[in-house]
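Undergrad: I have a structure I would like to understand better, so I am pasting it below and will then ask my questions one at a time.
The values are calculated or read from the model by the stated rules, or taken from the named source; none is laboratory data. Owing to the predicted nature of the structure, the values given are computational and were not obtained by experimental measurement. Note that we place each Cβ from the backbone using ideal geometry, even for glycine, and neighbour counts take in every protein chain shown. All accessible areas refer to the heavy atoms of the entire protein, side chains included, with ligands and DNA or RNA removed. Shrake-Rupley method; radii C 1.70, N 1.55, O 1.52, S 1.80 Å.
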Amino acid sequence: MLLALLRGLTYLQASTGPDAGNVVLWMQPDGTLNPSPTPVETPDPSDSGASYWLARTIWALGEGYAAFRDADPAFAGFLQRRLDLAVAALHRQVLVRYGQYQVVDGLRVPAWLVVDGADASAEAVLGQSAYVRAGGPPAAVTALRQLAAGIAEMGHGDARTWPYGAILPWALSRSLWHAWGAQMSSALAEASTTLRDPRLLAPAVADAGTFTPRLLTATGPVNGWLPAPIDDSQIAYGADARVQGLLAVAGAARAPGFRLLAGVAAGWYFGQNPAGAVMYDPRTGVTFDGVSADGTVNRNAGAESTIHGLLSMQALDANPDVAAVARAGGPVLRRDGQRVVEAESGTLSGPATVVAADPAWTGESQWSGAAYVQLAAGARLSWTLPAADQPRLVAAVLDRVPGAGGITVFEAGTVRYGGGGAQGVSAAPGMLLPVPVANAVPARAGPLTAVTTSGSGRLDALLVTPLVSTLATGGLAHGVTLLASAADTARRLTVGVPGAGRVVASSFDRQGRPVHVVTGRGAVTVTVPPGGFAVAVT
């Protein structure tokens, strides 16, 4: 079957002419290729330029060549010829810009990514890594090195600064992250090992050890932080990317903590999702197409969901310790992580006006709640925060504009709307950006007030995050609790872990390295390193 699928894939590839190596996206049931479907996809025709499907073809052919090189040299030779065509197209259409940059809201970003995407480029890197390890030619080595370098430049932030260590998927936005197709950490881990280049591993470690614990405790693998979590639907394409990335980084960095995190992430298939539903059926191999924020499961099973579900299951079969953590979890019992407080939900006074954002999409980000508050000097907003069991960090999601801008003062610190930098090739002159308020706010219930002291600005929302976030999942017999720290000092927490057995709680630093282990029954007291995480399992 694998041989037939790979041969069928090459049928979609142009083998001669100026577009040699590129790939048609659609085929009709009778085998007719349809280069220009309705609605139109870009590039149009679909084999006229670099594309996601070119990147995915490189992934498939690279893995295929490695698999058949010894088992069927003749077929591997055929795959290599087609793979070399695809790599040549990548050089001709994308890597010709290697070393060039474009400006997006004041930030230099690489201009040599496939369709400006670190996500699309990552899939090509995964295939090229497999190809190079199997003896691919110098052109493949060069393509791998250059494309991986571009992806690595898309990693930014830390535990308190957006995007919180994540590798952003789209070079044309500083405000957008999505779980689907976010294979960037996997790709960098593989490339780092293949090329023996540890520089490529650092952003992958930050994505795994700083961003992913925050993601899992806040929302799970949702389709869009833009930058507030807006598209809360979840699909296997996103869940699998977290699992694969954590396992790849764990191996490359020799960081066992990421193996435990991979088990937590894989719990999505076994009920750790908004529906509390099992998303993979081992009897049929089917993975359902996704789950919406309200818990509605799409029980269709398209190729993408099924493929990525099977990739996750293969990874769990190959790593029984990770599978044990995944299956120990279950429905979400408690999630206390980053939460959104809409700006317009506060009490407004003075020159503060709620404005409907129409459209909500800015071309590079999206207004949360499809509205924002327009502020001018003298405006006052106040929100009431409920009591919590620990202090909380606040980030103001605001429209950061070029040049001078307004200033809003919170009790815990000041945020500025100006200083956004030149628009460059960005679709909008400003950018929605979470700007941290300097100090944590107390755990007690009470008002949070902001006063605009000068200028004007647009405030979208607040992101309110405990110093240590919590995700607890499980049932009667077993359970898993994840703790994720955004604190700058170690924090001791006593946590109850679902399940009836012995609790093993392991703490790790932000690089996934073990710090200490405690055991007990019922509740255990865990020390979470600054910016690190802990996983407790029964």
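Undergrad: Name the residue from 462, 280, 428 whose Cα lies farthest towards the positive end of the charge dipole of the chain, charges +1 on Cβ of Lys and Arg and -1 on Cβ of Asp and Glu.
TA: Value computed over the given set: 462.
Undergrad: Treat each spin label as a single point 7 Å out from the Cα along the C-beta direction, and report the residue 477 to residue 298 distance in nm.
TA: It is 3.3 nm.
Undergrad: List every DSSP H helix in the chain whose Cα atoms extend 15 Å or more along the helix's own long axis and whose mean Kyte-Doolittle hydropathy is at least -1.0.
TA: Details: long enough: 52-68 (24 Å, 0.48); 73-93 (29 Å, 0.23); 118-133 (22 Å, 0.18); 138-152 (21 Å, 1.09); 184-195 (16 Å, 0.63); 236-253 (25 Å, 0.81); 303-318 (22 Å, 0.42).
Going by DSSP H runs, the hits are 52-68, 73-93, 118-133, 138-152, 184-195, 236-253, 303-318.
Undergrad: Give me the percent of Cα-Cα pairs in segment 305-456 that sit more than 20 Å apart, rounded to a whole number. Mind dumping the intermediate values first?
TA: Numbers: 6957 of 11476 pairs.
Beyond 20 Å sits 61 percent of the P(r) for segment 305-456.
Undergrad: At a 1.4 Å probe radius, carbon and sulfur cover how many percent of the accessible area of segment 339-459?
TA: Working: 2870 of 5070 Å².
In segment 339-459, the share of accessible area belonging to carbon and sulfur is 57 percent.
Undergrad: If you don't mind, another one. When all alpha-carbon pairs of segment 44-111 are counted, what percent fall beyond 13 Å?
TA: Across segment 44-111, Cα pairs with separations above 13 Å total 70 percent.
Undergrad: Given R₀ = 41 Å, what would the calculated FRET efficiency be for residue 1 paired with residue 139, taking r from the Cβ atoms and rounding to 0.05?
TA: Working: r = 30 Å, r/R0 = 0.73.
Calculated value: 0.85.
Undergrad: What is the chain's relative contact order, in percent, from Cα pairs under 8 angstrom and six or more apart in sequence? Don't skip to the end; give the middle numbers.
TA: On the way: 1400 pairs, mean separation 62.4, N = 538.
Here the relative contact order equals 12 percent.
Undergrad: Using the crude model of +1 on Lys and Arg Cβ and -1 on Asp and Glu Cβ, and no other charge, please compute the dipole size for the chain relative to its Cα centre, in debye to 20. The partial results should precede the final answer.
TA: On the way: 36 positive and 38 negative charges, 318 e Å.
With Lys and Arg at +1 and Asp and Glu at -1, about 1520 debye.
Undergrad: Next question, about the same structure. For segment 1-136, list log₁₀ I(q)/I(0) at each q in 0.10, 0.11, 0.14, 0.17 Å⁻¹, using the Debye formula over Cα point scatterers of equal strength and ignoring solvent, two decimals each.
TA: -0.34, -0.41, -0.64, -0.91
Undergrad: Follow-up question, since we're still on this one. Could you let me know the centre-to-centre spacing of segment 500-532 and segment 177-234, using Cα atoms, in angstrom?
TA: The distance from the Cα centre of segment 500-532 to that of segment 177-234 comes to 23 Å.
Undergrad: Would you kindly state how much longer the chain becomes between residue 314 and residue 161 on full extension, computed as 0.36 nm times their sequence separation minus their alpha carbon distance, in nm to one decimal? Present the calculation step by step, with values, prior to reporting the outcome.
TA: On the way: separation 153, 0.36 × 153 = 55.08 nm, distance 3.48 nm.
This chain segment gains 51.6 nm when fully extended.
Undergrad: Using a/c under 1.5 as the rounded threshold, could you call segment 12-61 rounded, prolate or oblate? The axes a ≥ b ≥ c are square roots of the C-alpha gyration tensor eigenvalues, and prolate needs a/b larger than b/c, oblate otherwise. Provide the component values of the computation, followed by the final result.
TA: Working: a/c = 1.40, a/b = 1.29, b/c = 1.09.
Here segment 12-61 falls in the rounded category.
Undergrad: Using only DSSP helix segments of four residues or longer, with each worth -39500 (n - 2.57), what per-residue ellipticity at 222 nm results for the chain after dividing by its residue count and rounding to 500?
TA: Working: 12 runs with 157 residues, N = 538.
One gets -9500 deg cm²/dmol as the mean residue ellipticity at 222 nm.
Undergrad: Need one word for segment 280-334: rounded, prolate or oblate. Basis is the Cα gyration tensor (sqrt eigenvalues a ≥ b ≥ c); a/c below 1.5 gives rounded, then a/b vs b/c decides.
TA: On the way: a/c = 2.48, a/b = 1.15, b/c = 2.16.
Oblate shape, in that a/c is at least 1.5 and b/c is the bigger or equal ratio.
Undergrad: For residue 9, what accessible area in Å² do you get when you roll a 1.4 Å probe over the heavy atoms of the protein chains, rounding to the nearest 10?
TA: It works out to around 40 Å².
Undergrad: Follow-up. How much net charge surrounds residue 213 when only other residues with a Cβ under 12 Å from its Cβ are counted (Lys, Arg +1; Asp, Glu -1)?
TA: Details: positive: 214, 242, 510; negative: 207, 509.
Once all neighbours under 12 Å are counted, the net charge is +1.
Undergrad: Accessible area per residue, 1.4 Å probe, Å², for segment 439-530: what's the number? Before the final figure, lay out each step's value.
TA: Details: 3780 Å² over 92 residues.
Accessible area per residue, segment 439-530: 41 Å².
Undergrad: According to the square roots a ≥ b ≥ c of the eigenvalues of the Cα gyration tensor, what is the shape class of segment 382-538, taking rounded for a/c under 1.5, prolate for a/b larger than b/c otherwise, and oblate for the remainder? Don't jump to the answer; show the numbers that get you there.
TA: Details: a/c = 2.94, a/b = 2.19, b/c = 1.34.
Prolate, because a/c is 1.5 or more and a/b exceeds b/c.
Undergrad: Whole angstrom only: what separates the Cα centroid of segment 56-131 from the Cα centroid of segment 392-448?
TA: Their Cα centres are 38 Å away from one another.
Undergrad: Work out Dmax and Rg for segment 382-474 from the C-alpha atoms and quote the Rg first, both in angstrom.
TA: When restricted to the Cα atoms of segment 382-474, Rg and Dmax are 15.2, 50 Å.
Undergrad: Hey, any idea what % of segment 163-312's accessible area is carbon plus sulfur with a 1.4 Å probe? Could the numbers behind the result be given before it?
TA: Values: 2340 of 4350 Å².
With neighbouring chains kept in place, the figure for segment 163-312 is 54 percent.
Undergrad: Further, regarding this structure: Per 0.36 nm of contour for each residue apart, how much would the distance between residue 307 and residue 389 grow if the chain were fully extended, relative to their Cα-Cα spacing? Write out the running numbers ahead of the final one.
TA: Details: separation 82, 0.36 × 82 = 29.52 nm, distance 4.14 nm.
Answer, rounded to one decimal: 25.4 nm.
Undergrad: Kindly report the accessible area of segment 382-427 per residue (heavy atoms of protein chains, probe 1.4 Å, no ligands, DNA or RNA), in Å².
TA: Details: 1810 Å² over 46 residues.
That works out to 39 Å² for each residue.
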